[in-house]
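Values in this text are rule-based calculations from the coordinates and carry no lab data. Just so we're clear, the structure is a prediction, and the values are computed from it rather than from any experiment. Methodologically, a virtual Cβ is constructed for each residue, glycine included, from the backbone with ideal geometry; neighbour enumeration extends over all protein chains shown.
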Amino acid sequence: MTMKLNTLTIEEAHKGLQGKQFSAVELAKSCFDCIREKDDQLNAFITITEDKAYLDAEKTDKKIKDKIKIDVLEGIPVAVKDNILVEGVKATAGSKILSTYIGTYNATVVERLKSAGAVILGKTNMDEFAMGGSGETSHFGPTRNPHNLEKVPGGSSSGSAAAVASDETIYAIGSDTGGSVRQPGSLCGVVGFKPTYGRNSRHGLMAMASSFDQVGSLTKTVRDAAYVFEQIAGLDKFDSTTVDKKVDVVNDLKSDIKGLKIGLPKEYFIKGMDEEVEATVKKAIQKLTKLGAEIVDISLPQTKYALATYYVLMPAEVSSNLSRYDGVRYGYRADSGNLLEMYLKSRHEGFGEEARRRIMLGTYVLSSGYYDDYYKKAQQVRRLIKNDFDKAFEKVDCIVTPTSPTVAFNIGEKFDDPLTMYLSDVFTVSANVAGLPGISIPCGKVNKLPVGLQFIGKHFDEKTLFNVAHQAEGIL
Ligand code: GLN
């Protein structure tokens, strides 16, 4: 075959495997060839697991040869964000403190992908402990945007998004605490999906902010995201926040969306937003009416507090979750003469600046005296933000917004200015604050860089979300 296999979607690759047009080994090889060609520049991967991948691919090929029916993800290459454990493979979370750490078990989502026959190519680069919106806080250097190497790919699932956008992999998984799958999806021009909180197990995902974290996917199409979601979602005895609710999204993708009400929140078009991005998003939203959907103006009045709420609660959870990296139990240990100094030095040398900044912020908002003013208040506002959505969803079936206020920005542009960097999460954090599912799909370009359109759904109503996103994808 002359066609480049690595450019296929999950669905196309599955058909090709089933029809014996190519083998799973050939498919994996085309991805590794692409990685060899591009990754010196992109820096999307931290670890490549080529030998293991071929062994897995051979298993699929044997099944095909033996005429055993294969599952849709079987034999399909996937890249895994480096904060998600794969047994026996290095898992750094983009941090120096874990630069030598090896995963001791498979995360539940990985276990489920493996049992579906997935071929894991390797582990992707990311902002340190998933803290960042540009990929630049990684200890292993920044990832570059495949559309323009001077630009960031977004973050924190920077490597996963860049790897999918550059066809180094067929799809990837990432994690989304405040937008880390949707925002890089938007900046790299691929589909980024994050489910309702509690859908996907967090077992084996390194905790950043546990009440916000969800595993999500980066894919070339909405349909591919639906396949991955159906495979990895569901109850897990290792994560007590998972729910036992049916996941059935693929079947409904084709349904028409005539009469569906899509809410357009006025608070999502803010001052400071790039004008061309705004125009592109508005044009895309207008097109949705061609599908028979009704665009309904709504208001989510607490939106202006979402970013502040997130940046109080998230560091609080970060400071607690990252206390386990003490130089004793995992990874990097600094040389020192006594125990206390060893703890301090290991953490000081092991964590990057952004991680240390958030640990300090978190300990501050949790400290006695400030707890009521910051942490408790933010928890209360969190409820108000959720109430806003509940009220809106009495009137509409889902919500549409921009994913990011700008297209991909220059590497280095916002790095020394954390507040400006945090602003790039302004449209994505609310879904995590309220625990709602969200998906970003490409909807056009500005200065040759992709723009994303975000849909936010009701709790556990991924069915509508996928349906709308799939229909929209068809006309955008
Ligand atoms: N960019 C956001 C942050 O820096 C989101 C991170 C994430 O979703 N993991 O916190």
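Scanning the range 92-112 for residues that are surrounded by fewer than 24 Cβ atoms within 10 Å (Cβ to Cβ), touching a helix residue (DSSP H, G or I) at 6+ places or on another chain (Cβ under 7 Å) and either among the hydrophobic types (A, V, I, L, M, F, W, C) or closer than 18 Å to PHE45 by Cβ (or both) yields a total of 1. In the condition set (1) surrounded by 14 or more Cβ atoms within 10 Å (Cβ to Cβ); (2) part of a helix (DSSP H, G or I), THR406 is compliant with all but (2). For the range 10-22, enumerate the residues that are farther than 17 Å from ALA116 by Cα and touching a residue at least 40 places away in the same chain (Cβ under 8 Å). Residue satisfying the conditions is LYS20 alone. If you check ASP224, ASP213 for being charged (D, E, K, R) and within 12 Å of the ligand (Cβ to nearest atom), only one passes: ASP213. For SER175, are the conditions met, namely being in a helix (DSSP H, G or I), under 21 Å from ARG112 (Cβ atoms) and within 13 Å of the ligand (Cβ to nearest atom)? It is false that SER175 is in a helix (DSSP H, G or I), under 21 Å from ARG112 (Cβ atoms) and within 13 Å of the ligand (Cβ to nearest atom). Among the criteria (1) in a helix (DSSP H, G or I); (2) surrounded by fewer than 23 Cβ atoms within 10 Å (Cβ to Cβ); (3) of a type outside the set (Lys, Arg), the one GLY331 does not fulfil is (1).
Among residues of the range 85-139 being basic (Lys, Arg) and within 20 Å of THR169 (Cβ to Cβ), the one that is nearest to the ligand (Cβ to nearest atom) is LYS123. For the range 152-172, a residue qualifies if it is away from the ligand (no atom under 16 Å from the Cβ) and not in a helix (DSSP H, G or I), and the qualifying residues are SER166, ASP167, GLU168, THR169, ILE170, TYR171.
When you check PHE129 against the structure, is it of a type in the set (Phe, Trp, Tyr) and under 21 Å from the mean Cα position of the chain (by Cα), yes or no? Yes.
Restricting to the range 178-190, and then to whatever is over 10 Å from the mean Cα position of the chain (by Cα) and within 18 Å of HIS470 (Cα to Cα), can you tell me which residue is nearest to the ligand (Cβ to nearest atom)?
It comes out as SER186.
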